[in-house]
Every structure is written in C-alpha cells, then in structure tokens.
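Each value in this text was obtained by applying a stated rule to the coordinates, not by laboratory testing. All figures in this text were calculated on a predicted structure; none of them were measured in a lab. Note that we place each Cβ from the backbone using ideal geometry, even for glycine, and neighbour counts take in every protein chain shown.
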Amino acid sequence: MVRPLIVFDLDGTIVDSREDLAESANEVLESYGARPLPVDRVAAMIGEGARVLMQRALAAAGLDPETPDALSRFLDVYDRRLLGHTRPYDGIDAVLRSAFSRAQLAVLTNKPAGPTARLLDAFGFGTLFSLVVGGDAKFPRKPDPASLNFLMTSAGTTREDTLFVGDSMTDVLTARAASVPICLAWYGYGHLRGPMALNGEELIAKTPTDIGVAIDGFLGDIAGGRVTL
C-alpha cells in the first residue's frame, strides 16, 4: 500500500529565512547606492524565486528591476549569508518527524536546489524528505502545478492522498491547480503581501503545531475513507 504524501514549502513554512534573505537583498541594493528596505517589506516579496525577489526589491528601491547582474550578485551574497539567522520554526521538527513516521514527505520550493539542500541538511531534515523539487528544476515554478503533479507521480499518490503545506498565495494557487488540499501556514510571511483570496476550504495553521493537527486529521480521513477536496 502506498503511503500518503505530504508536500511542504520551505521558506515561511519550515524555516524562517526572512532576515537572511532581506540582508542579502539589501546588500545588493546598497552595492548600487540604494537605501536598504525594512525586513518585512522584503519578506513580502518572497515566494516566487530569487529573480522575482530581486526584481521587486530593485523596483521598491527605485532601481531598474532588470539590472543585469543583480540576480548573480544576490545569489553570491545569499550563499554566504544562508545560515546567518535562518532557523526552523519552533515545533516544526516534531511535526516533520511525526509525519515522516506515517507518510512520504517532499519539499516543493521556488528556492534553488543547492541552498534548499544545504538548509535541510543543516537542520537535520535532509533524510526526512524522499523528494525535493527546487525552483531551478526542469518544471515551471509554482504556482504552475507541474512540479506538484510530478511529486505525486513519483510518490505513487493521487490528489486524494496528497496534502500541500505552504504559507503563500502562490502555494494556495499551486494546490488549487493540482486539485490538492492545502494547509496554510499563517505564521509564515506569505500574508505580508496583502489579503489572500481564500475560499474557505483551506486548513489554516496559526502555529507549526497546528500543521501537525491538520496532518493528523488528513491522515485520519484517508484511513477512514473520508477525504474531501
């Protein structure tokens, strides 16, 4: 029997990386003579990959969002700052390990594969995830559902026995496009960009512990044949 699949976003869901991302973006802005942006303002730009993050940061600082070498500068700086302040959210370790004992786990993020693997390994999570898809994979980035569909195919699961956990509207749209239920990590920073267009079907987790409760309910529904989308 194939075990269910729980797919997690990374930034804003498993780890709080906003300070390192903001400091990296601001170092690039300052290298062009611009003033740094507040951390939460940069955090509101996270979720659609490094290129989009830098385009938004450059525009917010009054610079050309298509500045040619800005992305490569950012990636170099972030590689150095990756583990400066980033830490797992309190309680997420227990959630992941409990889920690992009952389901297959995967990561689906718009962050490139290299830093994703470094973060997972640094916090002892690397062995928990059998599947990891980063933003530099062969698939279109979230919210395109191709990567989530690939993860389900690889795990041998269907939309009925797959749950996506993420913190942003990008994650919500990805889950909807793949017809997969989503647990929204409200404690993350996806909501900083503005109100989300939710439809009331989302599971809302105000803390990482709430994600564990949502997973328990989801797995219980599967066991009882009561999964609804």
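Here are some notes:
- Estimated FRET transfer efficiency when R0 is 30 angstrom, pair Ile204-Asp136 (beta carbons, to 0.05): 0.50
- Bridgeable aspartates and glutamates around Lys206 (alpha carbons under 20 Å apart, same-chain partners fewer than 8 residues away excluded): Asp9, Asp11, Asp16, Asp40, Asp90, Asp93, Asp167, Asp171, Asp216.
- Extension gain for Arg41-Ser179 works out to 46.6 nm (0.36 nm per residue, less the C-alpha to C-alpha distance).
- Cleavage-rule hits, trypsin sites (Lys or Arg not before Pro), the stretch 74-162, DSSP coil, Cβ neighbours within 10 Å at most 12: Lys138
- Cα-based shape type of the stretch 122-182, given that a ≥ b ≥ c are square roots of the gyration tensor eigenvalues and the cut on a/c is 1.5: rounded
- Counting charges near Ala44 (Lys, Arg +1; Asp, Glu -1) among other residues having Cβ under 9 Å from its Cβ returns a value of +2.
- Equivalent ellipsoid semi-axes, the stretch 18-81, via Cα gyration tensor eigenvalues times 5, rooted, Å: 14, 13, 12
- Hull volume in cubic angstrom per residue (convex hull over the Cα atoms of the chain): 111 Å³
- Two-decimal ratio, the stretch 16-136, of alpha-carbon radius of gyration to 2.2 N^0.38 Å: 1.14
- Cα gyration tensor shape of the stretch 74-197, rounded if a/c is under 1.5, else prolate or oblate by comparing a/b with b/c: rounded
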